[in-house]
Amino acid sequence: MAIDYKTEIDSLFETVIAEGASDLHLSSDMNPIIRVSGSLIPLVKRQKFTSNDISAFLDVMTTPEKKKLFLETQELDFSVQYKDLARFRGNAFFERGTISIALRMIPREIKTLDQLQLPPILETFTQLQQGFFLVVGPVGQGKSTTLAAMIEMINQTRTEHIITIENPIEYLFESKRSIVAQREVKVDTQSFRNALTSAFREDVDVIMVGEMRGPDTMAAAVTAAETGHLVLSTLHTNNAAQTIDRIIDTFPPGQQDQIRIQLAASLAGIFSQRLIPRISGGLIPAYELLINNEAIANLIRDKRTHEINSVIETGMESGMIDMNRSLAELVRRGEITPENALSRSLNPKAFSKIL
């Protein structure tokens with residue numbers, strides 16, 4: 001019996017929503033697989049799909065132009081809207097000559113910082129007129145959701161021109177007190193760099209860059225933050241110190257001193273987060289927050305980023321948050337197990353001492 005691919009993918013989207021899943025995986029000769037609270041679960045009652053079936057799913061989720069680009073480049077980022085219920089961020093790729101698709105669900109509702117159980121101090125960064133703020137962490141730890149909550153707070157409380165630059169567009173914003181323009185790379189602009197450069201001529205106040213990619217994008221973002229704009233973005237790094245090193249190391253040696261000086265002056269803060277399985281079910285965030293002050297700026301300029309972790313650990317009075325203390329607090333409250341906390345700690349020895 002022939003598959004109606006549009007009906008089938010809609011049915012799978014319904015399952016993702018109904019099960020509270022975060023991801024859907026489609027691979028040839030396998031049952032569809034969803035991720036719920038961090039665990040992969042095969043949908044064994046669903047049929048296995050062939051590589052041709054996966055290709056046909058891509059046809060109904062993207063345009064012919066994007067499908068052509070996928071066949072040329074062998075990778076594709078895309079997004080797909082499912083009714084008014086959710087959006088999905090997709091990535092199609094080849095493995096062993098066959099097509100696979102990974103889809104991440106983007107809920108329609110943009111949750112508040114409070115609903116996401118994130119620290120209230122993040123609100124202070126949404127009130128800044130200028131600066132560079134990063135949300136960092138591994139893939140799948142809620143970075144885009146946190147950034148969306150912050151942008152929506154600005155949208156609701158300030159009269160600004162906000163431009164988002166994404167690949168693909170994830171959360172959809174409706175202009176409220178602010179004007180929100182959303183630009184998708186390869187659809188509305190050729191590159192992150194082009195869109196950032198163009199933003200200077202678009203009377204923009206707040207810029208959200210979906211992800212820092214390469215020195216051109218990073219340099220343009222830091223320059224935008226220096227010249228009176230609030231710039232928010234994400235990076236796939238583990239903590240604040242590693243994030244600063246990653247940005248600086250992206251540049252050629254001859255440019256690193258200059259970017260170090262610019263970063264020390266423009267950085268507002270770095271928020272690192274992890275989603276930990278909750279004892280009662282679901283996920284709960286643990287986090288680290290670096291706030292750029294004179295001590296941090298001096299460490300960045302003086303190439304002493306290895307000392308940043310110590311400043312965060314002792315910077316509670318200024319609002320900084322240490323990841324180990326965040327994990328320990330969740331254990332003390334009975335939210336997560338000590339084992340799960342220990343496995344997420346970047347300094348297990350220090351964590352064991354404070355638990």
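Below is a table of values for the structure above.
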quantity	calculated
Leading residue by the ranking (nearest to the chain's Cα centre (by Cα)) among those in the range 130-143 that are farther than 12 Å from Thr237 by Cα and modelled with pLDDT of 95 or more	Phe133
Meets criteria (surrounded by 14 or more Cβ atoms within 10 Å (Cβ to Cβ), among the aromatic types (Phe, Trp, Tyr), without any contact (Cβ under 8 Å) to a residue 40 or more places away in the chain and in the same structural domain as Ala220 (by TED's automatic domain parsing)) for Phe271	no
Subset tally (residues that are in a strand (DSSP E or B), of a type in the set (A, V, I, L, M, F, W, C) and touching a Lys or Arg at 6+ places or on another chain (Cβ under 8 Å)) for the range 55-95	5
First in the range 133-148 and within 17 Å of Ala221 (Cβ to Cβ), second anywhere and surrounded by fewer than 22 Cβ atoms within 10 Å (Cβ to Cβ) and of a type in the set (Gly, Ala, Ser), Cβ under 9 Å, 6 or more apart	Phe133/Ala268; Leu134/Ala268; Val135/Gly142; Val135/Ser144
Number of positions in the range 302-346 that are within 30 Å of Gln258 (Cβ to Cβ) and in contact with a helix residue (DSSP H, G or I) (Cβ under 6 Å, 6 or more places away or on another chain)	6
Test set (1) within 16 Å of Gln273 (Cβ to Cβ); (2) assigned by TED's automatic domain parsing to the domain that holds Ser326; (3) surrounded by fewer than 21 Cβ atoms within 10 Å (Cβ to Cβ); (4) out of contact with any Gly (no Cβ under 9 Å at 6 or more places or on another chain) - Ala148 fails condition number	(3)
Subset of the range 281-319 that is among the small types (Gly, Ala, Ser) and over 19 Å from Phe133 (Cα atoms) - its residue that is surrounded by the fewest Cβ atoms within 10 Å (Cβ to Cβ)	Gly281
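The values are calculated or read from the model by the stated rules, or taken from the named source; none is laboratory data. These figures come from a predicted structure and were not determined experimentally. Here the Cβ is made from the backbone with ideal geometry for all residues, glycine too, and neighbour counts use every protein chain on show.
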